[in-house]
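To start, the structure under review is shown below, and the notes come after it.
The values are calculated or read from the model by the stated rules, or taken from the named source; none is laboratory data. It should be emphasised that the depicted structure is a prediction, and the values quoted were computed from it without experimental measurement. A quick note on method: Cβ atoms are made from the backbone with ideal geometry, for glycine too, and the neighbour counts reach across all protein chains shown.
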Amino acid sequence: MEIKSLATVAMIEDVICDVCSSSTRIPSYGLQYGRLEAQWGYGAQHDGEHYQVHLCELCFFRVLSSLRRERMVNGMFDDDKSFSADGFGLISADNFLGAN
């Protein structure tokens with residue numbers, strides 16, 4: 001025997017970039033966005049604070065470029081050249097199906 005009831009389900013209709021306020025929805029492809037997130041714990045200067053910023057593709061890569069530049073400047077005069085910005089943050093490429 002099946003017992004059914006009507007359920008309301010919340011769906012994410014769109015994600016708006018927190019930097020430029022543009023939609024991250026790409027027609028026929030859905031939502032395409034990045035997320036910068038931090039949750040600070042005990043002992044951290046910002047203990048108990050949780051941050052989450054949604055970014056469109058353009059803003060995400062602008063932020064990533066800024067971080068790469070900062071990394072390059074911080075390691076500019078180091079003898080350890082493994083501190084390069086090449087591939088900084090990239091976990092996988094050509095991962096079209098979203099597999100880990």
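Of the set (1) at pLDDT 90 or above; (2) β-branched (Val, Ile, Thr); (3) surrounded by 10 or more Cβ atoms within 10 Å (Cβ to Cβ), all apply to residue 73 but (1).
Table: residues versus (1) of a type in the set (A, V, I, L, M); (2) at pLDDT below 95.
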position	(1), (2)
3	yes, yes
8	no, yes
16	yes, no
21	no, no
24	no, no
33	no, no
43	no, yes
46	no, yes
53	yes, no
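Here is a check on your reading of the model: is residue 32 under 22 Å from residue 91 (Cα atoms) and either without any contact (Cβ under 8 Å) to a residue 12 or more places away in the chain or in contact with a strand residue (DSSP E or B) (Cβ under 9 Å, 6 or more places away or on another chain) (or both)? Outline the logic, then answer.
Working: under 22 Å from residue 91 (Cα atoms): yes; either without any contact (Cβ under 8 Å) to a residue 12 or more places away in the chain or in contact with a strand residue (DSSP E or B) (Cβ under 9 Å, 6 or more places away or on another chain) (or both): yes.
Considered against the rule, which asks whether it is under 22 Å from residue 91 (Cα atoms) and either without any contact (Cβ under 8 Å) to a residue 12 or more places away in the chain or in contact with a strand residue (DSSP E or B) (Cβ under 9 Å, 6 or more places away or on another chain) (or both), residue 32 comes out as yes.
For residue 48, the conditions (1) outside any loop (DSSP other than H, G, I, E, B); (2) free of Cβ contacts under 8 Å to residues at least 24 places away in the same chain all hold with the exception of (1).
Note on segment 7-64: among residues that are under 18 Å from the mean Cα position of the chain (by Cα) and among the β-branched types (Val, Ile, Thr), the one that is surrounded by the fewest Cβ atoms within 10 Å (Cβ to Cβ) is 12.
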